[in-house]
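Structure first, commentary second.
The values are calculated or read from the model by the stated rules, or taken from the named source; none is laboratory data. Just so we're clear, the structure is a prediction, and the values are computed from it rather than from any experiment. Cβ placement follows ideal geometry from the backbone for every residue including glycine, while neighbour counts extend to all protein chains displayed.
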Amino acid sequence: MVDTVLFIICAIVAIVCGFNVVLQRHPISSALSLIGVMSSLAVLYLLLGAEFIAMAQMIVYGGAVMVLFTFVIMLLNAGTEKASSKSWFAQIAGLPLLLAFVGVLAFLIRAVLPPLAAVAFGSWVGGTAEHIGQLLFTTYLLPFEVISVLILIAILGAVALAQKEID
Amino acid sequence: MNLWLIPFFPLIGFFLNGLLGRRLSKPLVNLIAVGSVAASFVCVLVVLSKLWPIDNTYTEHYFTWIQSGFLQIGFDQMLDRLTAVMLLIVTGVGLIIHIYSIGYMAHEGGYYRFFSYLNLFMFFMLLLVLAANLLVVFVGWEGVGLCSYLLVGFYFREDWATNAGNKAFIVNRVGDFGFSLGIFLAVATFHTLDFGKMAAALQGMPAEVGFGALTLIALLLFVGATGKSAQIPLYVWLPDAMAGPTPVSALIHAATMVTAGVYMIARMSFLYNHAPAASEVVAVIGVATAVFAATIGLTQNDIKKVYAYSTISQLGYMFLGVGVGAYSTGIFHLMTHAFFKALLFLGAGSVIHGLGGEQDLRHMGGLRKAMPITFVTLLCGSLSISGFPGFAGFFSKDSILLAAYGHAPWMFWVGAITAGMTAFYVFRAFFLAFFGTYRGHHHPHESPAVMTLPLVVLALLATFGGFINIPEFLSRSYPLGYQENVGRMAISAGFGILGILLAYVMYVAKPALADTVKNAFGAVYTLIFNKYYIDEIYQAAIVKPLEGISRFVLWHGVDEGVIDFGMVNGMAHLVRGWGSLFRRMQSGSIRNYATWVLAGSLLVIFVLGLVGGGR
Amino acid sequence: MGHVPLSWYLILSVILFALGVAGFVYRKSVITVFLSIELMLNAVNLSFVAFSYQMHRIDGHIYSFFVMVVAAAEAAVGLAIILTIFKNRGTLQIDEVDSMKL
């Protein structure tokens with residue numbers, strides 16, 4: 001009962017905030033809406049029994065990535081957009097393709113996939129940090145190490161791209 | 001035994017003279033050229049002495065040339081009595097002519113080139129004669145055609161020479177096309193091209209009635225022979241080929257190359273024995289060519305042209321001989337013809353050399369005092385070709401005519417009349433050149449010994465060569481085919497003597513008579529003098545249409561229109577068109593790219609989900 | 001009452017993903033485009049976790065974790081690129097950055 005209500009509330013919040021991301025004029029409003037989406041998604045993760053992922057979502061996305069976005073928006077003083085006549089193909093074909101996309105996927109989910117379980121909060125408790133740690137450091141050890149190298153490269157790239165020119 | 005040495009020496013001569021001749025001294029070039037042919041001749045004598053009395057066919061196999069399915073063709077050489085006769089003729093007469101050429105070409109440019117080509121010709125001719133299967137014969141066949149082209153067009157800076165060379169090669173090519181078709185058909189019929197194997201396959205089979213595969217092969221091979229040996233309809237190149245130096249005319253267009261067709265038919269006698277329809281065609285064309293060419297020879301003013309038409313006519317006799325089944329008579333006449341025709345041409349060359357290049361009979365005369373040796377030797381040659389009793393030509397021509405009589409009497413009569421015409425025009429040339437007063441502007445002098453000595457040797461052969469009884473020598477493989485009949489021999493000899501007397505009357509006793517006769521015959525004379533306008537007919541009916549097709553259909557139409565414009569440019573237009581179409585996708589706009597990605601992923605999801613999914 | 005069917009989670013994921021694509025295709029500011037990308041990545045994360053629940057396996061969580069890490073790295077580098085573009089071209093309109101064309 002409670003999880004159903006919670007799901008509906010969080011879903012509505014996520015969708016509304018999602019629309020907001022797309023429809024707002026100023027980027028800062030879009031960024032804040034995105035934070036709303038991420039928060040509601042975190043709750044949904046909790047409902048699905050993914051404790052670690054929910055926490056990681058809040059910390060990494062909400063706490064780091066979105067803060068970074070906000071910093072950059074402030075730094076660039078990005079204003080509202082102007083209309084453009086280029087990319088006519090995107091403007092014309094984009095909506096129909098999107099609708100078709102949603103339609104096909106919805107159909108696939110409802111009709112083609114095998115019967116799915118119902119989600120009951122607490123019916124599965126295998127998403128703890130312990131479980132993730134066990135899998136992460138045994139089966140997925142190599143991707144884990146590679147990911148760390150990736151982060152290093154990203155740091156170096158970001159520093160190299162954004163630093164001042166040496167004159 | 002090393003039969004390969006026989007053609008090998010001239011080949012070495014060709015390479016040495018061809019590659020190094022420019023830097024060698026003239027005596028050294030002479031030594032290489034004449035020495036290689038002499039070595040070849042000695043080799044022939046050695047081989048013959050070892051194999052005497054040549055009762056069996058001796059073959060040598062060198063390597064397998066073609067191995068494809070059922071067809072196996074080796075590079076083989078063989079030697080039997082027919083080959084022996086041909087080898088002696090080719091190397092012997094060739095040697096004599098090489099020695100003569102030293103004197104004749106002494107003041108010409110391109111000296112070493114001449115001898116290297118001549119050696120190359122000897123190589124190919126010997127290859128042809130020694131071949132043991134039709135394909136090696138064809139190699140030699142084509143090779144002598146090539147050398148004919150090179151040598152006829154020897155004075156390549158002159159248009160008339162290069163045109164004559166082209167004509168010789170191209171007309172030969174038409175004949176060679178027929179020859180190739182004959183070879184293909186032979187492969188299909190016999191599954192081999194080896195002479196021995198083909199003969200064994202046909203042994204015991206009855207002769208073909210009507211028109212079948214064997215007749216077709218025989219006729220196609222004969223088409224090649226008409227090209228190479230200048231018979232109707234492909235004889236037109238031989239008179240033009242007189243553009244080459246006179247030793248070339250003697251060696252190639254009298255003694256050896258043009259006889260390749262006769263040799264080929266004699267070699268394939270087993271085939272022609274089984275295809276009587278083809279043999280009939282050969283004989284009829286032979287006798288027709290003989291009389292046709294003789295009539296043209298009556299009117300010509302260039303001494304070499306007279307002898308050229310005489311060659312065509314005598315070749316007609318040889319084909320008559322082999323066509324009626326008396327192969328040995330054709331070969332006999334081939335040998336004696338080699339002697340007296342080479343003699344006639346070399347003698348003409350001596351006259352031309354002594355007159356500083358004059359070839360027109362109307363500007364000669366009274367040369368018998370200035371050039372005595374040439375006079376005597378040419379007399380021997382002329383008597384021989386006229387069939388004067390006792391000379392070589394008498395025996396060989398009579399054997400052919402007797403064999404023809406046994407086959408069809410009308411051929412005998414036509415041949416006898418032609419013999420009379422032959423005697424007439426040969427002696428017309430002889431009298432015009434050596435009797436009367438000199439009508440030219442040069443100082444005639446006798447030729448040097450290096451030229452007159454070969455003339456003497458050939459004169460001896462032309463006089464006494466008839467006593468070499470070739471039909472007897474070849475009778476084991478080629479039965480005699482004629483009966484001796486003194487009456488008919490007398491008739492043909494009589495025609496010959498009549499011709500000589502008529503020529504004497506018209507050109508020595510009463511010179512004005514010739515012009516009267518010419519005016520009396522008026523239009524007929526003009527027709528014959530212009531060679532029946534055959535060259536003009538060929539030009540209009542065959543050459544011009546072909547040229548037109550080549551230019552308009554093939555060049556402008558196919559090459560420029562279809563290939564250049566349609567395929568090459570068209571491909572470029574096509575690529576450019578599609579390229580400009582697809583270029584629009586690279587707009588630089590990221591949003592467009594994203595939309596394309598969306599469309600593509602939608603397609604993938606659709607396919608995977610609905611078509612391949614549900615698993 | 002009843003429990004929430006898993007298909008609802010998946011449909012929510014699809015809707016969020018579609019919204020992200022719409023933002024990518026229709027918005028002209030580079031920052032907003034990046035935000036839409038982040039939205040897409042989140043939608044995919046939801047999908048992973050949902051299926052992980054369905055199969056009672058934790059591998060989905062691991063994939064989701066990796067997606068998060070990569071998204072963070074990509075955001076860092078991407079924003080640095082945006083700064084460079086702004087420095088060089090003075091504009092944040094995505095349609096102005098179209099010089100890589102034929």
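The table below gives the values:
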| item | result |
| --- | --- |
| Any hit, the range A:97-119, residues being touching a residue at least 60 places away in the same chain (Cβ under 8 Å) and either facing another protein chain (nearest Cβ under 7 Å) or in contact with a Gly (Cβ under 8 Å, 6 or more places away or on another chain) (or both) | yes |
| Condition met for B:L128 (at pLDDT 90 or above, of a type outside the set (S, T, N, Q), in contact with a His (Cβ under 7 Å, 6 or more places away or on another chain) and surrounded by 19 or more Cβ atoms within 10 Å (Cβ to Cβ)) | no |
| Test: residue in the range B:569-584 that is more than 60 Å from the chain's Cα centre (by Cα) and surrounded by 14 or more Cβ atoms within 10 Å (Cβ to Cβ) | no |
| Scope the range B:282-303; condition closer than 18 Å to B:L378 by Cβ and crowded, with 24+ Cβ neighbours inside 10 Å; matching residues | B:G297, B:I303 |
| Leading residue by the ranking (surrounded by the most Cβ atoms within 10 Å (Cβ to Cβ)) among those in the range B:585-600 that are assigned to a helix (DSSP H, G or I) and of a type in the set (A, V, I, L, M, F, W, C) | B:L598 |
| Search result, residues across the range B:371-390 that are outside any helix (DSSP H, G or I) and surrounded by fewer than 24 Cβ atoms within 10 Å (Cβ to Cβ) | B:F388, B:P389, B:G390 |
| Flag if A:A90 is surrounded by 13 or more Cβ atoms within 10 Å (Cβ to Cβ), facing chain C (nearest Cβ under 8 Å) and touching a residue at least 12 places away in the same chain (Cβ under 8 Å) | no |
| Number of the condition not met by C:V44 [criteria: (1) on the phi > 0 side of the Ramachandran plot; (2) at pLDDT 95 or above] | (1) |
| Selection status of B:I605, assigned to a helix (DSSP H, G or I) and farther than 30 Å from A:L105 by Cβ | no |
| Subset of the range B:517-545 (residues that are among the β-branched types (V, I, T) and without any contact (Cβ under 8 Å) to a residue 24 or more places away in the chain) | B:V517, B:V524, B:T526, B:I537, B:I542, B:V543 |
| Selection count, the range C:24-58, where residues are outside any helix (DSSP H, G or I), under 19 Å from A:M55 (Cα atoms) and at the interface with chain A (Cβ under 7 Å from one of its Cβ atoms) | 1 |
| Top-ranked residue in the range C:59-94 [being within 14 Å of chain B (Cβ to nearest Cβ) and surrounded by 19 or more Cβ atoms within 10 Å (Cβ to Cβ); ranked as nearest to A:G157 (Cα to Cα)] | C:G78 |
| Matching residues in the range B:37-91 - criterion: being among the small types (G, A, S) and not in a strand (DSSP E or B) | B:A38, B:A39, B:S40, B:S49, B:G69, B:A84 |
| Helices (runs of 4 or more DSSP H) (entirely within the range A:1-82) containing at least 3 residues that are more than 7 Å from chain C (Cβ to nearest Cβ) and of a type outside the set (G, A, S) | A:2-23, A:27-47, A:66-76 |
